[in-house]
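K.L.:
What follows is a structure written as structure tokens; I'll ask about it next.
The values are calculated or read from the model by the stated rules, or taken from the named source; none is laboratory data. Just so it is clear, the model here is predicted, and its values are computed rather than measured. Cβ placement follows ideal geometry from the backbone for every residue including glycine, while neighbour counts extend to all protein chains displayed. Just so you know, the surface numbers come from the protein's heavy atoms only, side chains and all, with ligands and any DNA or RNA stripped out. Shrake-Rupley method; radii C 1.70, N 1.55, O 1.52, S 1.80 Å.
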Amino acid sequence: MAAAAIGVLDTSHLNGGQKLAVKYYTVAIVLFVAQVLFGILAGLQFLYPDFLYGVLDFNVNRMVHINAMVVWMLMGFIGSVYWLLEDEAGTPVVGLKLGEIIFYVLTGAVAVVVLVYLFVQVGPGNDMTRWFINEGREYIEAPRWADIGIVVAVLTFFFNVVATVMKGRATGITGVLIADLLALFGLYLAGMFYTTNVSIDQYWWWWVIHLWVEATWEVLVGVIMAWALMTVLGTRRVVVQTWLYIEVALMFGSGILGLGHHYFWIGTPDYWFWIGGFFSALEPIPLVAMVVHAVYDSGAHKMRNSNHPTLGWVIAHAFGNFFGAGVWGFMHTLPQVNLYTHGTQWTTSHGHLAFFGAYATINIAMFYVAAQKLRGNVWMGAGIAGAWRWKWALFLLNAGMLTMTVALLASGYEQSFIERAIEGATWSGYFAGQSHPWFVQGMQWRMWGGWVMLLGLALLLWDLFTIGAGETRKAYSPSEDEAARTAA
Amino acid sequence: MIVEPVEVQDFLLAVIAGALIVLAGAVYALLFAISRIQGRPGLMPFAYAAYATLVGAVVFLARAAHFSGFWTFIAVLMLLGYLLAPHGVWRLCVGTHPEEVP
Ligand code: HEM
Ligand code: HEM
Ligand SMILES: [Fe+2]
């Protein structure tokens, strides 16, 4: 098949792995939209408790909201790995057909799980429930049959990656990638461990949640970033790889036992106060140290790049990760403080800023990489038509999220004070905290942030489907430019 | 209990101090790096002023949260970590970018 012209949306511009990646990205985007819509429903129910009561209850909306988040982000990551795999390994993806089949199986399973969430909301909690309806365990509530399906799907994906790298070229990036995927998927098994003791249950559940977002996801994003910096900014391989190794060492060094900050109040032994305090006090230091590297590198090549929207979202990622994880994380991580903030909207404020800032941003950055290549590696620098769309989408999504974060912080602060400090974490204090005007105002402001995000999301979708249409210039290439300048 | 929570009246200041530690740490790292890469030694005092702010915030937080024993050690380690990490990463940058002259 002849390649389509520049500016025309056509999958013939892509290699096999990238075609599959686009499928994953598409499902990821659909689930991102679902996440935001169900978040809005859940947010409205804080203000109007009768809204959809008995039809779509808060617990269901909340569950769909956060499960959709985890799945869309993971699908985005899987897509990104398929996206870069052929380029990195220098050979077509091995077993792509199998990967393709698994993609449809996985998507079908996700659809069934969500439909069951939506339609089977009430019933007994027994083995049947655990196997077919809902397993419990926030964020990863999918029932047991789906867990097993996910494990099989992931093994296939892992096979694709390992077999391709073994056939082609092994690089520092793929080495870190394979080790990290092994850890990431291995951890999922910890979340399937069945026990009737709630402390033990929570103990293992945190292995998945914490060791995902504060260790393995952070490194996976490092891998994707390393690749993106090479292609979009033209940073040298030796530079990004060294940076990646340092990041892995620092992140794992503090992040793994930072796990202890979830073991203060769940019935685990006292030594976790020290372990949790010690390691999570050090967790923001890698994020701070990376500032030095960012300055060093931006000084070195002055930000000439091939894709402006991607760079915009990469910068949003750097800030979002720093504030959401570093600043918001450290603020409530010491047990002397966490005693008051634990499980309040303070936590929710941190959860939103960190997940959005660290992981939504980088996925969106990759969506733009795909949009560019889908139109034949079209120009995405200065002077593209309709550039206001990506800029406003970037602004509205981030501004909406910041508004939400600050509003939730205000509500959380009030809860820490009224519910915890004054009322001493009693049953009546719990309700006193939630009827205080400050709490309610925070919930109202959060909705405004949510509406702004919804608007930004609509704009983002419009932009992803249209950016580069009618453009005939070829993308700026940092590496060719570099070569030309060195020769001159 | 093994830890002594902050007093209610210190709560707000304690979380502000927490945020300030990370923020001041980043400002210090930023100014430090800019000063080095652009060869502007005049910026360095400001970098260390940011670090001094960080020290103040750590001391405040340590007192508000009744740090003693092992917790004091954590505070000291934070002070050292934030101070030295930017230096370490700088050295690594210089070491791994042999041919580039910024
Ligand atoms: C990108 C990285 C991060 C993400 C996505 C993230 C996300 C989250 C989320 C969603 C929760 C709420 C979990 C729940 O439902 O109970 C949480 C809790 C928590 N996070 Fe993070 N986090 C990140 C990094 C950090 C860091 C670096 C720190 C510490 C320095 C931290 C400290 C905490 C603490 C102490 C809690 C427990 C809050 C409570 O007691 O209710 N987080 N995080
Ligand atoms: C329109 C925007 C959104 C609205 C109105 C919204 C609303 C909500 C609500 C009401 C909850 C339940 C909180 C509770 O149980 O007290 C929630 C939880 C959560 N949302 Fe959102 N959300 C939105 C967007 C997002 C986005 C974009 C992300 C991440 C990328 C996100 C991540 C989370 C997380 C991690 C939780 C669980 C955190 C926790 O309960 O501590 N949300 N959201
Ligand atoms: Fe954590």
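K.L.:
Any idea how many residues of the stretch A:320-346 are in contact with a Gly (Cβ under 7 Å, 6 or more places away or on another chain) and within 16 Å of ligand 2 (Cβ to nearest atom)?
P.N.:
9
K.L.:
Quick one: A:Leu20 ticks every box in (1) touching a helix residue (DSSP H, G or I) at 6+ places or on another chain (Cβ under 9 Å); (2) within 15 Å of ligand 2 (Cβ to nearest atom) bar one, so which box is it?
P.N.:
(2)
One line per residue, one yes/no per condition, for (1) part of a helix (DSSP H, G or I); (2) of a type outside the set (A, V, I, L, M, F, W, C); (3) open to solvent by 40 Å² or more (accessible area, probe 1.4 Å); (4) away from ligand 1 (no atom under 16 Å from the Cβ):
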| residue | (1), (2), (3), (4) |
| --- | --- |
| A:Gly429 | yes, yes, no, yes |
| A:Leu460 | yes, no, no, yes |
| A:Gly468 | no, yes, no, yes |
| A:Ala484 | yes, no, yes, yes |
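K.L.:
When you go through A:Gly222, A:Gly258 one by one, which is the residue that is crowded, with 23+ Cβ neighbours inside 10 Å, within 20 Å of A:Ala358 (Cβ to Cβ) and either touching a Ser or Thr at 6+ places or on another chain (Cβ under 7 Å) or modelled with pLDDT of 95 or more (or both)? Before you say what the answer is, go through the steps one by one.
P.N.:
Working: A:Gly222 fails: either touching a Ser or Thr at 6+ places or on another chain (Cβ under 7 Å) or modelled with pLDDT of 95 or more (or both).
When all the criteria are applied, what remains is A:Gly258.
K.L.:
Tell me whether the stretch B:85-97 contains one or more residues that are within 13 Å of the chain's Cα centre (by Cα), closer than 23 Å to A:Gly277 by Cβ and modelled with pLDDT under 95. Write out each step before concluding.
P.N.:
The initial filter retains those residues of the stretch B:85-97 that are within 13 Å of the chain's Cα centre (by Cα), namely B:85-87.
Those left that are additionally closer than 23 Å to A:Gly277 by Cβ: B:85.
The next check asks that each one be modelled with pLDDT under 95; those that pass are B:85.
Yes, because at least one residue in the stretch B:85-97 is within 13 Å of the chain's Cα centre (by Cα), closer than 23 Å to A:Gly277 by Cβ and modelled with pLDDT under 95.
K.L.:
Looking at (1) touching a Pro at 6+ places or on another chain (Cβ under 8 Å); (2) open to solvent by 40 Å² or more (accessible area, probe 1.4 Å); (3) of a type in the set (Gly, Ala, Ser), find the lone condition where A:Gly17 falls short.
P.N.:
The number of the failed condition is (2).
K.L.:
Are any residues in the stretch A:329-344 more than 8 Å from chain B (Cβ to nearest Cβ) and open to solvent by 20 Å² or more (accessible area, probe 1.4 Å), and if so, which ones?
P.N.:
Selection gives A:His342, A:Gly343.
K.L.:
Search the stretch A:204-219 for residues being away from ligand 2 (no atom under 16 Å from the Cβ) and free of Cβ contacts under 8 Å to residues at least 40 places away in the same chain, and hand back the single one that is most open to solvent (accessible area, probe 1.4 Å).
P.N.:
A:Trp204
K.L.:
Output the number of the condition that A:Gly123 fails; it satisfies all remaining conditions of (1) within 21 Å of the chain's Cα centre (by Cα); (2) in a loop (DSSP other than H, G, I, E, B).
P.N.:
Evaluating A:Gly123 over (1) within 21 Å of the chain's Cα centre (by Cα); (2) in a loop (DSSP other than H, G, I, E, B) leaves (1) as the failure.
Let's see how each residue does on (1) away from ligand 3 (no atom under 16 Å from the Cβ); (2) within 14 Å of chain B (Cβ to nearest Cβ); (3) of a type in the set (S, T, N, Q):
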residue: A:Glu135; (1), (2), (3): yes, no, no
residue: A:Ile140; (1), (2), (3): no, no, no
residue: A:Thr164; (1), (2), (3): yes, no, yes
residue: A:Ala179; (1), (2), (3): yes, no, no
residue: A:Phe193; (1), (2), (3): yes, no, no
residue: A:Thr196; (1), (2), (3): yes, no, yes
residue: A:Ser199; (1), (2), (3): yes, no, yes
residue: A:Trp205; (1), (2), (3): no, no, no
residue: A:His210; (1), (2), (3): no, no, no
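K.L.:
Also, quick follow-up: Pull up the stretch A:418-427, narrow it to residues that are facing chain B (nearest Cβ under 10 Å) and in contact (Cβ under 8 Å) with a residue 24 or more places away in the chain, then point me to the one that is most open to solvent (accessible area, probe 1.4 Å).
P.N.:
Ranking the qualifying residues of the stretch A:418-427, first place goes to A:Arg420.
K.L.:
I've got another one for you. Could you check the stretch A:65-93 and list, in sequence order, the residues that are part of a loop (DSSP other than H, G, I, E, B) and touching a Phe, Trp or Tyr at 6+ places or on another chain (Cβ under 8 Å)? Outline the logic, then answer.
P.N.:
Here is the first cut: in the stretch A:65-93, the residues part of a loop (DSSP other than H, G, I, E, B) are A:90-93.
Across the stretch A:65-93, the qualifying residue is only A:Val93.
K.L.:
Among (1) in a helix (DSSP H, G or I); (2) within 16 Å of ligand 2 (Cβ to nearest atom), where does A:Pro49 come up short?
P.N.:
Going through the list (1) in a helix (DSSP H, G or I); (2) within 16 Å of ligand 2 (Cβ to nearest atom), A:Pro49 breaks only (1).
K.L.:
I'd like the residue in the stretch A:71-100 that is within 16 Å of ligand 2 (Cβ to nearest atom) and open to solvent by 10 Å² or more (accessible area, probe 1.4 Å) and, out of all such residues, is farthest from A:Leu211 (Cα to Cα). Walk me through how you get there before you give the answer.
P.N.:
First, pick out the residues of the stretch A:71-100 that are within 16 Å of ligand 2 (Cβ to nearest atom): A:71-77.
Among the residues that remain, those that are also open to solvent by 10 Å² or more (accessible area, probe 1.4 Å) are: A:71, A:74.
Values: A:Val71: 16, A:Leu74: 14 Å.
Checking each candidate, the answer is A:Val71.
K.L.:
Sort out for me the helices (runs of 4 or more DSSP H) sitting completely within the stretch A:331-426 that have 1 or more residues that are within 16 Å of ligand 3 (Cβ to nearest atom).
P.N.:
Working: elements: A:335-341, A:345-354, A:361-374, A:387-415.
Hits in the stretch A:331-426: A:335-341, A:345-354.
K.L.:
Criterion first (open to solvent by less than 30 Å² (accessible area, probe 1.4 Å) and within 14 Å of ligand 2 (Cβ to nearest atom)) does A:Trp272 satisfy it? Talk me through it step by step, then tell me what you get.
P.N.:
On the way: open to solvent by less than 30 Å² (accessible area, probe 1.4 Å): yes; within 14 Å of ligand 2 (Cβ to nearest atom): no.
It is false that A:Trp272 is open to solvent by less than 30 Å² (accessible area, probe 1.4 Å) and within 14 Å of ligand 2 (Cβ to nearest atom).
K.L.:
Of all residues in the stretch B:60-89 being open to solvent by 70 Å² or more (accessible area, probe 1.4 Å) and touching a Phe, Trp or Tyr at 6+ places or on another chain (Cβ under 9 Å), which is nearest to the other protein chains (Cβ to nearest Cβ)?
P.N.:
The residue in question is B:Phe70.
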